Amino acid sequence: VHLLYQRLPMISPALSVKNPQPSPALALMLLMFLGSGCAALIYEVVWFQMLTLVIGSSTYSIGILLGTFMGGMCLGSLLLSKFISSHRHPLRVYAMLEVGIALCGLLMVVGLPAISHLYGAVAIPGKAGLIFRVVIAGLCLLPPTLLMGATLPAIARWVRATPTGISWLGFFYGCNIVGAVAGCLIAGFYLLRFYDVQRASYVAVALNLAVAALAFLTAKAARYEAEQEEKPSSLFSIPRGSGPIYLTIALSGMSALGSEVVWTRLLALLLGQTVYTFSLILATFLSGLALGSSVGAMIARLTPDPQRALGICQFLVLGSLGWAAFSLCQSLPYWPTNPSLVTGSMFQFHLDFARAAWVVLPGAILWGASFPLALAATARLGDEPAARVVGSVYAANTVGAIFGSILTAMFFIPVFGTQVTQRVLIGVAVAAALVSLAIKFNEAGAVRLRGRGAMALLVLAFGGWIGWTVIPVPALLIGYGHNAANRFRDHPTFLFWGEGVNSSMAVSEVSPGIRNYHNAGKVQASSEPQDMRLQRMLGHMTTLLPNNAGKKVLVIGCGAGVTAGAASIGPTVEELHIAEIEDLVPRFVARHFGAHNYNVVDNPKTKIHIDDARHFLISTKEKFDAITSDPFDPWVKGAATLYTLEFWELAKKKLNPGGVITVFVQLYESDEPAVKSEIGTFMEVFPHAVVFSNTVEGTGYDTVMVGSVEPLKIDVDAMEAKLQSPQYAEVRQSLSEIGFDSAAKLMSTFAGGKAEFAGWLSDVQINRDRNLRLQYLAGVGANYYNQATIHRNMIRNRKYPERVFTGSPATLAALRGLIESGEL
């Protein structure tokens, strides 16, 4: 603000002739744009978190939300000049827009539960329901984003439609993005970590109302008269001869958002896919845009040819794309960092921010500078009102961004991989530079060179060289993510790696018969003894414990397929449904584990549903005799939605009488508050739940939670009789391979229930849809290995549970002895 006041004499002449001394208003407008941008990003983070709980968290659902959000802002930027008279005071219009956004924020908090209920009643599972998801996203997001998109064109009426005047809007646009950076960090690191979506929304609403009040007060003191009446026009009209500029800024938006998708995908592997990582990446990208737009605004005031400066920006973008590709695949994965040495999460965030900035900032600064340059270049070519110029240029940039982000995420990466995708985006940047530097349109619309053939050849040659240097993403990065450097000299042989719609995955072989399934930059499942023990415990308990026939089973998460395979060999199982978010997992990954999962994906009783599990349960009309869940680690962004109280209530409704639900809970790469949240939340819905331990050499490793609608009574003799029958021979063999030669031995892994954990869970933080507390707790402990301590604290009050087991006195005496011996 101080610097702005120092430059006020330079700013004033760029403004409306009828208002020669609006300097104080400009300073206040700076604060308004900061507050407005902060509120907008808080809303975006909150609304996306809330809506993914309704329409799903797959890339298709995220793409729908992103496209709707950006599309609404695009339309809002175009519609302002069409529906609101230019004689209205810009600050009063701006204030009313902010009030409208605040009302939409309140309506979202109040109305989303009703929309969620409506969606659940008529939703269609899988891709078939995409149209309905678009309708829901439009219903929720279009009203507020239309208003958000109109704010910059509204303020544009305060300035003259000259290159100098309009270029100053780049400065205010940059201030708006600075506010967005603050909103992103405040939401991701404070409001949602310690509170919930309601309080975060109220903070954003308060910011909107404060900005509106400030705008109203400023409007009273700052006179305004329209410089000219804006004549009616078509929805999207551009000044004659400005076609190259609009095409350039659209291509710039396409390369920017497409690159952000690629960079986020690869940086998330490198830094860990926690909610904090995504906040840091977004904040870094926005910071670059803010800095770039401010620099671009200054350049636009000084350069005699802003179109050429815009083209040079796009030429430099080529270098930034090459830098990012080199850094992500050839440099950063091999930096000598060891996340396990971190003594506090904040130190890890510092390092992660530095690495994100190393990759993202160069390109983001250049893309940010492109917007004010495009505004100045467009204003130079005609006498269109400022609001219309700003709205149309912003719309062109946004349309390109929509296409870039959605095509990159949904088509190019899953079909061609990140190497080809980056080369395509380099080609887009080449086209943007060529259009702006070497091409122009005459009045008849014909294309001709601007007399810069040498520059065109240089752009083509440089772009070709940059594209040639891009390499495929290393399998080591896909497999080990932030631990890639630590495994460089000692890593297994990779049998398969692929980049899907939702995630990147790999299969490696450590030694003959020992294989790992990698996803989210770490091993998610394997045929190692400790993992086989857990996966088969999950699968077999799912079919052995229900008090019903157990004919229909749902498996959440395919992974290596070992849990699903163990469930599939249960003699009573007639239908096995697998809900898996990524198509490549059952098609390729699970087949590499066929020897361990009984070739489950090719079993005739298996039905695979490519959908995120929560959306599948919301939309399916099926009910199940048993459900087993083995999702990603809870620190992976989005995984916590499968551990909320509301999700367990939904799963409970999908259980038939006598059914059970089994759930994997890890103790490694986590901390005690996160584990407490997982177990305590589950026990809120299933108060009769019990937990069984999977230990390694006597210390904690991971656990299996078992929940049921009715009090769980496990007849150990009946279970043993089943295992000894010929029909269960395959199940008996499978259990013996993981160290359980009897039902009593399997049940002796009992760790506790609600009674035993009462003291330990006294400070539990319940994971709910409105706060997703678990992903913030788990994200802090993602690099910790405190499993032994966590398990020791869990079982401190373990004792034989009279309420759980039934059977003959001899069997129960033997089981009591095993449990009270302290061995698991």
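The values are calculated or read from the model by the stated rules, or taken from the named source; none is laboratory data. Everything quoted here is computed from the prediction, not taken from an experiment. Here the Cβ is made from the backbone with ideal geometry for all residues, glycine too, and neighbour counts use every protein chain on show. Side chains are part of the model used for accessible areas, which takes the heavy atoms of the whole protein and leaves out ligands, DNA and RNA. Shrake-Rupley method; radii C 1.70, N 1.55, O 1.52, S 1.80 Å.
If you check GLY417, GLY404, which single one turns out to be more than 23 Å from LEU146 (Cα to Cα), open to solvent by less than 40 Å² (accessible area, probe 1.4 Å) and out of contact with any Cys (no Cβ under 6 Å at 6 or more places or on another chain)?
Going through GLY417, GLY404 in turn, just one is more than 23 Å from LEU146 (Cα to Cα), open to solvent by less than 40 Å² (accessible area, probe 1.4 Å) and out of contact with any Cys (no Cβ under 6 Å at 6 or more places or on another chain): GLY417.
Could you list, in sequence order, the residues of region 736-755 that are open to solvent by less than 10 Å² (accessible area, probe 1.4 Å) and not in a loop (DSSP other than H, G, I, E, B)?
Within region 736-755, ALA743, LEU746, MET747, PHE750, ALA751, GLY752, GLY753 qualify.
On the basis of being under 36 Å from the mean Cα position of the chain (by Cα), closer than 30 Å to LEU191 by Cα and at pLDDT 85 or above, does MET29 make the cut?
Working: under 36 Å from the mean Cα position of the chain (by Cα): yes; closer than 30 Å to LEU191 by Cα: yes; at pLDDT 85 or above: no.
So MET29 fails the test.
Is it the case that ALA758 is open to solvent by 30 Å² or more (accessible area, probe 1.4 Å) and in a helix (DSSP H, G or I)?
No; evaluated as a whole, the condition is false for this residue.
List pairs: first residue in region 743-768 and in contact (Cβ under 8 Å) with a residue 12 or more places away in the chain and under 30 Å from GLN724 (Cα atoms), second residue among the basic types (Lys, Arg) and part of a loop (DSSP other than H, G, I, E, B) anywhere in the structure, Cβ distance under 7 angstrom, at least six positions apart or on different chains.
ALA751/ARG798; GLY752/ARG798
Can you find a residue that is open to solvent by less than 10 Å² (accessible area, probe 1.4 Å), outside any helix (DSSP H, G or I) and under 23 Å from SER511 (Cα atoms) anywhere in region 599-619?
For region 599-619, residues open to solvent by less than 10 Å² (accessible area, probe 1.4 Å), outside any helix (DSSP H, G or I) and under 23 Å from SER511 (Cα atoms): absent.
Give me a count of the residues in region 257-272 that are within 13 Å of the chain's Cα centre (by Cα), open to solvent by 10 Å² or more (accessible area, probe 1.4 Å) and in contact (Cβ under 8 Å) with a residue 24 or more places away in the chain.
The number of residues fulfilling the criteria is 3.
Which pairs have Cβ atoms under 6 Å, sit 6 or more apart or on different chains, and link a residue in region 96-110 that is over 24 Å from LEU217 (Cα atoms) to one that is open to solvent by less than 30 Å² (accessible area, probe 1.4 Å) and in a helix (DSSP H, G or I)?
These pairs meet every condition: VAL109/SER201.
Just to be sure I understand, how many residues within region 310-340 are assigned to a helix (DSSP H, G or I), open to solvent by 20 Å² or more (accessible area, probe 1.4 Å) and touching a residue at least 24 places away in the same chain (Cβ under 8 Å)?
9
Determine if region 465-472 includes at least one residue that is surrounded by fewer than 22 Cβ atoms within 10 Å (Cβ to Cβ), free of Cβ contacts under 8 Å to residues at least 24 places away in the same chain, touching a strand residue (DSSP E or B) at 6+ places or on another chain (Cβ under 8 Å) and more than 17 Å from VAL415 (Cα to Cα).
no
What residue, of MET298, MET254, is under 28 Å from VAL415 (Cα atoms) and open to solvent by 30 Å² or more (accessible area, probe 1.4 Å)?
The conditions single out MET254.
Starting from region 797-824, take each residue that is free of Cβ contacts under 8 Å to residues at least 60 places away in the same chain and aromatic (Phe, Trp, Tyr) and list its partners that are open to solvent by 60 Å² or more (accessible area, probe 1.4 Å) and assigned to a helix (DSSP H, G or I), counting only C-beta distances under 9 angstrom and pairs at least six apart or across chains.
TYR800/ARG816; TYR800/GLU820
Restricting to region 427-457, what's the tally of residues that are of a type in the set (Phe, Trp, Tyr) and modelled with pLDDT of 55 or more? So that I can check it myself, show each step before the final result.
In the first step, residues of region 427-457 are kept if they are of a type in the set (Phe, Trp, Tyr); the result is 441.
Retained after the next criterion (residues that are modelled with pLDDT of 55 or more): none.
The total comes to 0.
Name the residues in region 524-538 that are under 10 Å from LEU735 (Cβ atoms) and touching a helix residue (DSSP H, G or I) at 6+ places or on another chain (Cβ under 7 Å), would you?
Listed by number, the list holds a single entry, ARG536.
Where residues in region 54-67 are part of a helix (DSSP H, G or I) and open to solvent by 20 Å² or more (accessible area, probe 1.4 Å), which of them is nearest to ILE155 (Cα to Cα)?
Taking region 54-67 and keeping what is part of a helix (DSSP H, G or I), we get 54-55, 59-67.
Applying the additional criterion that residues be open to solvent by 20 Å² or more (accessible area, probe 1.4 Å) yields 59-60, 62, 64, 66.
Details: THR59: 35, TYR60: 35, ILE62: 31, ILE64: 29, LEU66: 25 Å.
Out of the qualifying residues, it is LEU66.
Being open to solvent by 70 Å² or more (accessible area, probe 1.4 Å) and not β-branched (Val, Ile, Thr) is the filter here; which residues of region 496-514 pass it?
TRP497, PRO512
Looking only at residues that are within 21 Å of SER259 (Cβ to Cβ) and in contact (Cβ under 8 Å) with a residue 60 or more places away in the chain in region 341-359, which one is surrounded by the most Cβ atoms within 10 Å (Cβ to Cβ)?
VAL359
Looking at (1) under 25 Å from the mean Cα position of the chain (by Cα); (2) within 25 Å of GLY781 (Cα to Cα); (3) free of Cβ contacts under 8 Å to residues at least 60 places away in the same chain; (4) open to solvent by 30 Å² or more (accessible area, probe 1.4 Å), which is the one condition that is false for LYS637?
LYS637 satisfies all of (1) under 25 Å from the mean Cα position of the chain (by Cα); (2) within 25 Å of GLY781 (Cα to Cα); (3) free of Cβ contacts under 8 Å to residues at least 60 places away in the same chain; (4) open to solvent by 30 Å² or more (accessible area, probe 1.4 Å) except (3).
Do we have SER233 as over 37 Å from the mean Cα position of the chain (by Cα), at pLDDT below 70 and either among the small types (Gly, Ala, Ser) or buried (at least 20 other Cβ atoms within 10 Å of the Cβ) (or both) here?
yes
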